[in-house]
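Heads up, the thing below is written out as structure tokens.
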Amino acid sequence: MTDVVFIGPSLPADEVVRLLPDAVVLPPVAHGDLLRLDVAPGDRVLVIDGFFLQHPPVRHREILDLLDRGVTVAGAASMGALRAAELWPFGMRGVGEVFQLYRDGIVTGDDEVAVVHGPAEEGHRALSVPLVNIRVALRRAVAAGVLSDAEAVLLLDIGRELPFRRRSYRALERSAPPEAAGVVDRFLTWHRQDPCDAKGADARMLLSMAADNDPELRPAHADDQPIDNLHTRFLDSWRSRFAGESVGGHWVSDREAAAVLMLLHPESAAWHRRGVLAGLAEVDIADPMVEECAREVARRRGLTTAPPTGWDWLTDRERGLDDREAVLRVLVRAFGTTPHRSLSLWMVAAPLRTPALLTAARQVAATAASLNETLVPRTTGQRRPGGRLHFRTEVVDTCFARLWGCAVDGLEAAAWDRGFVDLASFRYAAEPLVAYVKAFGTPHLPAVATRAHEDTLAGSPARAG
């Protein structure tokens, strides 16, 4: 069993290691991080801290995806408590007082757990005090007889008015009106003698429960609400963007591997055609009669005559094709194209998704990324973070027209035949590979072998997005 802990300002990383020695400790969770995890049923993902502003926050479907796969997901203290309060009916486990406050609707704003913190090199050291910590301290002061309920509400309202970046006990004292000065002084004098850190306490509780294999930290089961409509286009797109492997120091996403196979494998167009037609005819992709079966489907739908001139899936040069070929091309292009933002491995023809081909495709993508890092502006010799020079549209088009052996004005049809819906989506996927093609030409990707193809069809495709 593997334990993965996402931690930041709520608790020092060395304390995580002390409480749960074998855990994989990662920075605060952000959108996409859960999709990168190599976890399986029986593993546990413990979410404590997460990013709110610096990066997009972790999405609910990313957590639901793990739950649906049999992974235990539990949260506490900060982002973990917030997401657990939202998803506990579906099997995410929540631990601690902060989680209970959110679950019971006492706290509703995510700003209550937000803090300003230092960089990773400094251990994400907290530089402000979360409002939920102040809230819990005020509740304890009421229970101890230090404050009345009305006085606690007054001080909480003062803290709530402060921007989350400025919240601290000192700021609470400075912001209090003169008539509340005595109340603040009484509270802070007591608090300094008996300080509490609600988020830290909850984080320790979660880690201790994990170390003790507490039965409360169990995977989703039949008593939880079913997870329906999980696998949407959004989740598929996120998985293709974030899931992948590290190759030579570069993270190669499934989407980038798919682009290599669709754009650069010499058999891509042929297998894509067979795959689309086989899907329409509901026959095996290896069936030698796949085109005839697809034509029979077309005949039953009244599509066996030559398409009218207005059909946009044929170029002017293709208007003279015989009816049989014209119909097959229209079927492949109408049912087999997809926008670039949905580019995923499952859209690559099954025979191209063998382990050997995926490994080779990822290596090509990593090499292309290394070459792209050299594309810096000549004026400065420096590249701004995340930026580089990009090839002009005409360069992309000329490069791939030459590679595919077609005229530039026939490039869109060639892109359709590989699964791209238009030139814009083709260029988006192709531009990062231009430097590679210019430097090395066509990559030596393994050919599709009949036996490997059969093995691929018999099992689940590796990392299918």
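The values are calculated or read from the model by the stated rules, or taken from the named source; none is laboratory data. Bear in mind the structure is a predicted one, so any value in this text is a computation, not a measurement. Cβ placement follows ideal geometry from the backbone for every residue including glycine, while neighbour counts extend to all protein chains displayed. Only protein heavy atoms, including side chains, enter the accessible area calculation; ligands, DNA and RNA are left aside. Shrake-Rupley method; radii C 1.70, N 1.55, O 1.52, S 1.80 Å.
Report, to the nearest whole %, how much of the accessible area of segment 1-58 belongs to carbon and sulfur atoms, 1.4 Å probe, protein only. Let's see the in-between values first.
Details: 1380 of 2400 Å².
Of the solvent-accessible surface of segment 1-58, carbon and sulfur hold 58 percent.
Accessible surface of C399 in the full protein assembly, 1.4 angstrom probe, to the nearest 10 Å²?
10
With all protein chains present, how much of the accessible area of segment 174-313 (probe radius 1.4 Å) comes from carbon and sulfur, to the nearest whole percent? Show your work: numbers first, answer last.
Values: 3820 of 7540 Å².
It is 51 percent, rounded to a whole number.
Could you tell me how many degrees, from 0 to 90 and to the nearest 10, lie between the Cα long axis of helix 149-161 and the main elongation axis, the longest principal axis, of the Cα atoms of the chain?
40
Tell me the Kirkwood hydrodynamic radius of segment 394-442 in angstroms, computed as one over the mean inverse distance between distinct C-alpha pairs. Intermediate results must be reported in sequence, preceding the final value.
Details: mean 1/r = 0.0936 Å⁻¹.
It is 10.7 Å.
Using a 1.4 angstrom probe on the protein heavy atoms only, line up R61, R233, R139 by accessible area, largest first.
Values: R61 75, R233 155, R139 110 Å².
Highest to lowest solvent-accessible surface, that is R233, R139, R61.
Top to bottom by accessible area (1.4 Å), largest first, where do V142, V45 land?
Values: V142 40, V45 0 Å².
The residues order as V142, V45, largest area first.
So how tilted is helix 254-264 from the main axis of the chain? Cα-based, degrees 0 to 90, rounded to 10.
Rounded to the nearest ten degrees, it is 10.
Do you know the relative contact order of segment 1-137, to the nearest whole percent, from alpha carbon pairs under 8 angstrom that are 6+ apart?
Working: 260 pairs, mean separation 27.7, N = 137.
So the answer I get is 20 percent.
Which value, in debye to the nearest 20, gives the size of the charge dipole of segment 76-227 about its Cα centre, when Lys and Arg are +1 and Asp and Glu are -1 at the Cβ?
Working: 18 positive and 23 negative charges, 79 e Å.
Roughly 380 debye for segment 76-227.
Given [x] 73, 49, 39; [y] 91, 61, 44; [z] 69, 49, 35, which label gives Cα extents along the principal axes in Å as computed from the coordinates?
[y]
How many angstrom separate the Cα center of segment 427-450 from the Cα center of segment 104-165?
54
In percent, what relative contact order does segment 70-206 have, based on Cα pairs under 8 Å that are 6 or more apart in sequence?
Details: 183 pairs, mean separation 36.0, N = 137.
So the answer I get is 26 percent.
Expressed as a whole number of Å, what is the distance separating the alpha-carbon centroids of segment 277-291 and segment 199-276?
30
Given a cut-off of under 8 Å on Cα pairs at least six residues apart, what relative contact order in percent is computed for the chain?
On the way: 724 pairs, mean separation 61.4, N = 465.
Reported as a whole number, the value is 13 percent.
Give the angle, between 0 and 90 degrees and rounded to the nearest 10, that separates the Cα long axis of helix 323-335 from the longest principal axis of the Cα atoms of the chain.
In the chain, helix 323-335 runs at an angle near 10 degrees to the longest axis.
Counting heavy atoms of the protein chains only and a 1.4 Å probe, report the per residue accessible area for the chain as a whole number of Å². Please report the intermediate quantities before stating the final value.
Numbers: 22290 Å² over 465 residues.
For the chain, the per-residue accessible area is 48 Å².
Which percent, nearest 5, of DSSP beta bridges in the chain are antiparallel?
Among the beta bridges of the chain, antiparallel pairing accounts for roughly 25 percent.
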